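Novice: This is the structure I have questions about; it appears just below.
The values are calculated or read from the model by the stated rules, or taken from the named source; none is laboratory data. Predicted model only: the values in this text are computed from it and were never measured. Cβ placement follows ideal geometry from the backbone for every residue including glycine, while neighbour counts extend to all protein chains displayed.
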């Protein structure tokens, strides 16, 4: 099966932690259908509003929030209180391992995503076809 690509919207403070190597897991209330080896593109939400980086998806860990906190909490980039608030009301919590993260040489602004690529950044995530993924990575290469 071919690898998939997914576009994640991530808040600037978490993108900074990912870029610095301090956040090793992206937390999600609803996990996209992805597997280890798939590609994730990172859209940094407001106020940046640009495609800024990408990473290879590593392990996907799912479980009850308390159990997931014990496994990945120290590498999640959030406090225990933030973690529990985020997953409040969820029976199943997901952590997507961030493997091989890189910043794009050139950020791709929202205006360009919309006009040139017909991409509307998602609230959480969206799947990307291979052609669009290639275009976005080429634009980010400078």
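Novice: For the range 106-132, name all the residues that are closer than 13 Å to residue 50 by Cα, touching a residue at least 40 places away in the same chain (Cβ under 8 Å) and touching a helix residue (DSSP H, G or I) at 6+ places or on another chain (Cβ under 9 Å).
Specialist: Passing the criteria: 107, 108, 113, 119, 121.
Novice: On to the next question. Could we say that residue 72 is closer than 29 Å to residue 110 by Cβ and outside any loop (DSSP other than H, G, I, E, B) here?
Specialist: It is false that residue 72 is closer than 29 Å to residue 110 by Cβ and outside any loop (DSSP other than H, G, I, E, B).
Novice: Which of the residues spanning the range 76-106 are surrounded by 14 or more Cβ atoms within 10 Å (Cβ to Cβ), under 18 Å from the mean Cα position of the chain (by Cα) and part of a helix (DSSP H, G or I)?
Specialist: Across the range 76-106, the qualifying residues are 83, 86.
Novice: Which condition breaks for residue 135 when tested against (1) in a loop (DSSP other than H, G, I, E, B); (2) surrounded by fewer than 18 Cβ atoms within 10 Å (Cβ to Cβ); (3) modelled with pLDDT under 95; (4) in contact with a helix residue (DSSP H, G or I) (Cβ under 9 Å, 6 or more places away or on another chain)?
Specialist: Single failed check for residue 135: (1).
Novice: Under the condition of being surrounded by fewer than 19 Cβ atoms within 10 Å (Cβ to Cβ) and touching a strand residue (DSSP E or B) at 6+ places or on another chain (Cβ under 8 Å), which residue from the range 12-23 is farthest from residue 123 (Cα to Cα)?
Specialist: 21
Novice: Is it true that residue 21 is within 25 Å of residue 3 (Cα to Cα), over 12 Å from the mean Cα position of the chain (by Cα) and not in a helix (DSSP H, G or I)?
Specialist: Yes: the conditions hold for residue 21.
Novice: Only one of (1) within 13 Å of the chain's Cα centre (by Cα); (2) surrounded by fewer than 17 Cβ atoms within 10 Å (Cβ to Cβ); (3) in a loop (DSSP other than H, G, I, E, B) is not met by residue 46, so which one is it?
Specialist: (1)
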